[in-house]
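Have a look at the structure below, then the notes.
The values are calculated or read from the model by the stated rules, or taken from the named source; none is laboratory data. Since the model is a prediction, treat every value here as computed from it, not as a measurement. A quick note on method: Cβ atoms are made from the backbone with ideal geometry, for glycine too, and the neighbour counts reach across all protein chains shown.
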Amino acid sequence: MNAFLLYKDREFVGATRYFDAKSIVQDLGLKTLYMNAGKDVVFENGVAKQIKEQDPFISDTMSKVMVSPLVTKEEILYRQKILKDCLENEDFIKNLYKEATRIVVEWDKLGRKTTGYSGRSDNAGWAVTQIHLTTLFAEGLKKIKKLLKGSAILFSSEGLKNLAKRLNEEFSDDYEHKIDKLLNDVAFYVKESEDKDGALYVYTPKLTLKGKIGAGLKLRDVKLKNVTSSMIRYRNPKSTISKIVEFKNSLTPDSFSNKMTPIIEKQIVELEQNTVNYIMTFTMEFLESFSGFFDQLLFQTAFYRGAVNLTHHMKRIGIDYCYPTICENERLAFSELKEFVMCMEQRVNAVGNTCNIQNKMLVIITGANQGGKSTFLRSVGIAQVMMQAGLQVAAESFSSGIFTSLFTHFTRREDSAMNSGRLDEELGRMNSIINHLDKASLVLLNESFATTTEIDGSIIAYDIIKALNEAGVKIITVTHLLSFARKMYAETEEKEKNNEHSDITFFCAERKENGVRTYKMIQSVPELTSFGLDLYSDVIGKPTIYSEVS
Amino acid sequence: MGFESVLDLKEPVKGVTRPAFFLDLNIDQILERITKGDRKVLEYFEHFPLDAECENYRHDVYEDIKKNALYDALLEFTADYNEFRDIESKKKSTRIDLQRPVWHFWGMEIYTDSLLKLKKALENADLQSEGLKSLRELLKDYTGASEFCTMAEKSKKLKEALLGLTVIANYENGRIQVFVEDDKESDASSKITVKSNNKDDRSDTDIENNKANSQNAGKDVKEDNDNNDDDEQDLAEYEDFLKQICDVNEKEFVNPFAITDELTSFEQEIVKIVAKRNPEIFKEAEKLFKDKPEFEDNVFSRLADELRFYLSFFEFEQKMIKLGFDFCRPQACENAHGQTGTGGTGGEKAGNSDISAEGLYDLALACVNSEKGKPVISNDFIFEKNELFFVLTGPNQGGKTTFARSLGQLIYFTKIGLDVPAKSAAVPYFSDILTHFSVEESVETGRGKLMEELVRLSPMMKEYKDNAFVVINELFTTAANYDAIIMGQNVLKHFLDEGCHGIYVTHLRELCDIDERIVGLSAQLDENGKQNFKILKKAVDYEGCARNQVEKYELGYESLKERLRNMGI
C-alpha cells in the first residue's frame, strides 16, 4: 500500500537531494522555516491567537522534503493541488496526521524496533504482539478509510482521491471483515474476560484437529480444521453450577479433560499457542504491506501539516502568498516578494520586491551595503526552494523556471577576512559545484571571491561566471567586485549597440535622489560605488571620484 | 560357501587404527569427503592392508554395483534397514504398552519389505561378482521360506489398517472429544461438518448426528469414492480461510506433538480411544508380538553396514566425475616378484603390462581444487621392466610431492578394492604402503629433526614387509649434503634390494645414478617459465629454470629498461 501524497507514483524514498543541501539551508536560513512549519497558528475570527508548540516531527519532515526538489511542472502541481485540498479541509489533514501518529507511536510501544512485524514466530510473546499489531493496523486503517470517505466529496486533488480509492481496494471491506474474523477467532489468546450486561464472560477456545495415525501410533499429518473463540459466562469453579456443567461435559463420549493431568494441560496450552502462532503468520504479509505505508503516511501528512502551518504564518504576519507558477528558465517575475525567513524571525512584514526579468540568465546585483541586496537574493532563493517543494510562496505572484539543481555560494561575513586558505576553500567549493552542475542549474552567488583582492577576485569571478553563463547556467549574483561588474556591463552595452541580445541584466539597490535607501532592488547600471566608499562616506564624507577606475 | 560379508571380511571390523600413511598421502582428507564423518564407514577404509583375494573380491563387487546401476537399490536397502533398527530400539525402550506391539509389526514390515526389494533388485541384475551372486542366493532362500512370507504378509496388513485410520480431535469446553474413522469402511469423516462460524455452538451435536448417520451410510463403496471430491470441500480446513487473508504464506500448521518422536500424553489419551474403537488391530498386533519376538538375521545387519563402504565411495566418485575428474578400475599386472594382481580379474586382462597410469592425479588436491573451480594437473608414468624406484628431483613447487602422493593414493585405492583417480592404470599386488614425509612445520632443526626422521624411518626399514610400495618425501634435508647423499643411497638400496617399488622425492640429484633400477624424474617448467607440473622421464636439468623465473616477472635487464621507459621514468 502506498501513500503517494508527495509524488504521484512513488513514496518518499531515496529522493534526490540538492547537492550540498547543507549550504542551501544555512545560506537561505531554512532552519527557521522548518521550525515554524512545526508550529501551528490558531486563528480566531481571522486573527492569530496562539502559536502552538513545535511538532519536531513536522519540522524534521520539512527539512527532508524541502531539500529534495520536484523537477517537473506536473510534480509541483500534484502537491499544490493536495495542499489546496488540505487548506480547505484543515480538520481532515489534522486528523489524518493524528491517526498516523497514533499508529506509529503505538507500534513503537509494541516493540517495533525490537520485535518488528516479522520477528521470530516461535515464542509465545510473538503471537500476542502480532495480534496487538494486527488489531492496531486494522483499526487504524478503518479509521483512515473513514476519514478519507468523510471528506472524499470535497477533494479535488488527484492525490487524495486516489489515496481513498487505493485504500478501498487494498484494504477492502471484505478483507477488513476477514481480518476481523481472524482476530475474533484468536481472541481467547489475548482477551481474558469481558463485562457484558453485568455478567463476566471469558473467552474460551474451540479447536478441531484432524490427523492420521502414523508410526508408533504417533499422530501425523495433523491439520487444523477450525479455530474459534467463544464467550462463555464465567462461573466460580467451586460453584455448584460450575460443577454441574463440568459433570455434564464429562459425559461426552470418547473424550478426556484438558486438565486430566498437568502434562496434558501443558500440552494443550502448547497446542493453543502453536495454533495461534500459525494463524498469526498469515497476518505478517498484511502487516508488512502496510508497515511502510504508515511510516510514509505519517511522513507525508506531516509535510502537508507543515505546509498548512507555513501558510498560516504568512497569514499571521500579513504577507500575501500565492501558488507560484512555472515558466521558462530565462524568466523570473514576481510581485511583492518577501524574504519569508526574515519576516518570521523579525515578525515584521518586510519590504517586498517586484520585477519582471525576461530572457536573462545572469542577474548581477551591485550596490551599497545594507541596501537589501542579500535579502533580495535570499528571497528569490527561498521562494525557488518552496516552489520546487510544492509549497506556497511569500509573494503576490511568483513565476520562475524549474531547476534540477540549485547551488548557493555565499561568502558569509565571518569568512570574508582575506586569507589565502579561505580563497582556496572558496575555489574548492566552486569546483565541487561545477562538478555537480547539470542542464538546468541555478547558482546563487553572494559576495563570492571576496576573500582576495578586488582585482584578483574580479578576474576569477569574470572567468568563472562568464564560462558558466555561456554554458547556460542561470546565475544570480550579488557582488562587490566592481571591476567584474563593470566589465560585464561594458560587454553588454557593446552587444546592445550592435543590436545583439544579451542575457545579462543588472540590478541595484534603489536609492532616492536624496540618498535615502528604499531597500528595493531596481534594474539599473551597476553603481560605481562600493562598500568602501560607503564607509568612507559614512565616516569621513562623500569622496570625490576624479577619474574612471579601471 | 554361503554369503557372509560383502567386503570379504572374516569378521566384523572393530577398533581399527588408522594406517600410518594416511596423513602423508592426504588420504584422511579424501576419506573425510567420502565418509562425511561417519566413523563406522571410515573404519572399513582404515582396515588395511588386505590380501590379494579380498582386493579382487571387492573390485568385482564394486564393478557389479557400477555396471548394474545398483546404487539406488542398495542405498534404499541401507536406509530401510536403518529405519528398521531405529524402530527396533524404540520398541525396546518404550514404556507405553500399547505402543510396543505396534512398533514390533511396524519394524517387521520394514525389515521384510527391505529384503524383498533387495532380492528383486539383485534378481534383475547381471551379476559377475562372487560377493553379490552369493548374496542373491541367500536372499532367494531366505525370503522364500514360509515363515518369512507370513511375517511379511501379516505385518503389512496391520500397517495398512493402522495407516487407514483418521482421527478428529475436537477441543471444546475443556474436553477433547475423539472420533476415529476407517478410510476403507466408513465415510463418517465426509459427513462431519465443523462450521467455521464462531457463533455456531452446535458443532459437536452436528458431529453426533452425522456419526449416527454414518452408521447407515457406506453401503455402496463405489458411490463413496465418487463423492470423494465433494467430501473434501465439505471438510474445508481453516487454512483455506487463512489463505484468503494471505495466499503466499508457506507456513504450515505446526503440530506441537511432532516435536518429539515419543507419544505425548495428549496423544496417548487419543490413542487409547483409537484402540478402544479398533480393538481388532491391536489384538492382532499383540499376537504377532508374542508369537514372533525375534526375527532379525545378523547377516543382513552386517550387510547394511558394509554396503555403505561401496555406496559412500560411489557417491563421491559420481560427484567427482561430474566435475570432470577421471576414475577407473585398475588393471592387474605383474609385480617384481612375478605375482599378478590385483583388480584385473574383470575386464580385459593386462597381466603382462608394466606398472603404469595415465592421467593420474592427486585426489585430495582435486577435492580442494574442485571446490574452488580449479583443475588439477595429471601425470602419466610407467615403470618399465626392471625399474623399481622413481627418484624425483626438480624445482620447488614443481608438483613433486603431489605426484608422489598421487602414486601412493593409486596404490591405496587399488588395495582397498575401489576405483583409482586416473584415466587408466595397471597395478600389481603390493603387500602394504610405507611412507615417510618430512615434517616441514617441525620447529626442530639440525640434529633434532634428523633424529626424528631416522626414528620414524627405522621401523619402516626394520619391520620390512615383503613387496611393499614405498613413498619417501625429502629425507635428510637438515643433514650435510655429503651425509645426506650417503644416507639416501643406503635407504634406496635397502628398499631396492628388498624388491620394493616406490618413489623417492629429493633435492639430491646424485641419488638418481646409484642403481639401474632407479629412474630419474624431474618436475618441469615449460618454455614460458610456467610450472606445468608434468613429471617427465628425463635427465635432471636445471638449465633455464632460473632465467625463466626471472623473465616471468620481467626483471631481465632489457625488459626492465622497457618497463621503466613505458612508465615514463
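The residue list A:Leu310, A:Leu377 contains one member that is touching a Phe, Trp or Tyr at 6+ places or on another chain (Cβ under 9 Å), within 28 Å of A:Met488 (Cβ to Cβ) and not in a strand (DSSP E or B), which is A:Leu377. In the set (1) under 17 Å from the mean Cα position of the chain (by Cα); (2) within 26 Å of A:Leu437 (Cα to Cα); (3) aliphatic (A, V, I, L, M); (4) buried (at least 20 other Cβ atoms within 10 Å of the Cβ), A:Ala37 fails one condition alone, (2). Listed by position, the helices (runs of 4 or more DSSP H) contained in the range A:1-91 that have at least 3 residues being in contact with a strand residue (DSSP E or B) (Cβ under 6 Å, 6 or more places away or on another chain) are A:21-28. With respect to B:Glu83, is the statement that it is surrounded by fewer than 21 Cβ atoms within 10 Å (Cβ to Cβ) and either of a type in the set (A, V, I, L, M, F, W, C) or more than 10 Å from every other protein chain (Cβ to nearest Cβ) (or both) true? Spelling it out, it is not the case that B:Glu83 is surrounded by fewer than 21 Cβ atoms within 10 Å (Cβ to Cβ) and either of a type in the set (A, V, I, L, M, F, W, C) or more than 10 Å from every other protein chain (Cβ to nearest Cβ) (or both).
Could you check the range A:265-283 and list, in sequence order, the residues that are among the aliphatic types (A, V, I, L, M) and surrounded by 20 or more Cβ atoms within 10 Å (Cβ to Cβ)?
If the condition is that a residue be among the aliphatic types (A, V, I, L, M) and surrounded by 20 or more Cβ atoms within 10 Å (Cβ to Cβ), then A:Ile268, A:Leu271, A:Val276, A:Ile279, A:Met280 are the ones that fit.
Restricting attention to the range B:450-475, the residues that are modelled with pLDDT under 75 and among the aromatic types (Phe, Trp, Tyr) total 1.
Restricting the range B:151-165 to residues that are crowded, with 20+ Cβ neighbours inside 10 Å and not aliphatic (A, V, I, L, M) leaves a set whose member that is nearest to the other protein chains (Cβ to nearest Cβ) is B:Lys159. Yes or no: the range B:414-432 includes at least one residue that is in a helix (DSSP H, G or I), at pLDDT 90 or above and not β-branched (Val, Ile, Thr). Yes: one or more hits. Pairs meeting the criteria (first residue in the range B:72-97 and in the same structural domain as B:Met108 (by TED's automatic domain parsing), second residue aromatic (Phe, Trp, Tyr), beta carbons under 6 Å, at least 6 apart or on different chains) are B:Phe84/B:Tyr111; B:Ile87/B:Trp103; B:Ile87/B:Trp106; B:Lys90/B:Trp103; B:Lys91/B:Trp103.
One line per residue, one yes/no per condition, for (1) over 24 Å from B:Glu358 (Cα atoms); (2) basic (Lys, Arg); (3) at pLDDT 80 or above:
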residue	(1), (2), (3)
B:Gln489	yes, no, yes
B:His501	no, no, yes
B:Arg509	yes, yes, no
B:Asp513	yes, no, no
B:Val519	no, no, yes
B:Gly529	yes, no, no
B:Phe533	no, no, no
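Yes/no matrix, rows are residues, columns are (1) among the aliphatic types (A, V, I, L, M); (2) without any contact (Cβ under 8 Å) to a residue 24 or more places away in the chain; (3) facing chain B (nearest Cβ under 9 Å):
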| site | (1), (2), (3) |
| --- | --- |
| A:Phe247 | no, yes, no |
| A:Phe256 | no, yes, yes |
| A:Ile264 | yes, yes, yes |
| A:Leu298 | yes, no, no |
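Here B:Thr112, B:Thr94 are screened, and the one residue that is touching a helix residue (DSSP H, G or I) at 6+ places or on another chain (Cβ under 6 Å), closer than 23 Å to B:Ala73 by Cα and β-branched (Val, Ile, Thr) is B:Thr112.
The residues on offer are A:Ile382, A:Ile357, and the sole one that is farther than 16 Å from A:Glu447 by Cβ and either more than 21 Å from the chain's Cα centre (by Cα) or free of Cβ contacts under 8 Å to residues at least 24 places away in the same chain (or both) is A:Ile357.
Scanning the range A:233-251 for residues that are outside any helix (DSSP H, G or I), farther than 20 Å from B:Ile273 by Cβ and not basic (Lys, Arg) yields A:Tyr234, A:Asn236, A:Pro237, A:Ser239.
Per-residue answers, yes or no, for (1) over 28 Å from B:Ile259 (Cβ atoms); (2) in a loop (DSSP other than H, G, I, E, B); (3) away from chain B (no Cβ under 13 Å); (4) of a type in the set (S, T, N, Q):
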| site | (1), (2), (3), (4) |
| --- | --- |
| A:Phe188 | no, no, no, no |
| A:Leu200 | yes, no, yes, no |
| A:Lys206 | no, no, no, no |
| A:Gly211 | no, no, no, no |
| A:Val222 | no, no, no, no |
| A:Lys225 | no, no, no, no |
| A:Thr228 | no, no, no, yes |
| A:Met231 | yes, no, no, no |
| A:Pro253 | yes, yes, no, no |
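Residues that are over 25 Å from the mean Cα position of the chain (by Cα) and facing chain A (nearest Cβ under 8 Å) were ranked within the range B:86-95; the one that is nearest to B:Leu263 (Cα to Cα) is B:Thr94.
Taken over the range B:243-258, the criterion of being in a helix (DSSP H, G or I) and of a type outside the set (Gly, Ala, Ser) is satisfied by B:Lys243, B:Gln244, B:Ile245, B:Pro256, B:Phe257.
The single condition from (1) more than 7 Å from chain B (Cβ to nearest Cβ); (2) under 55 Å from the mean Cα position of the chain (by Cα); (3) among the basic types (Lys, Arg) that A:Lys243 fails is (2).
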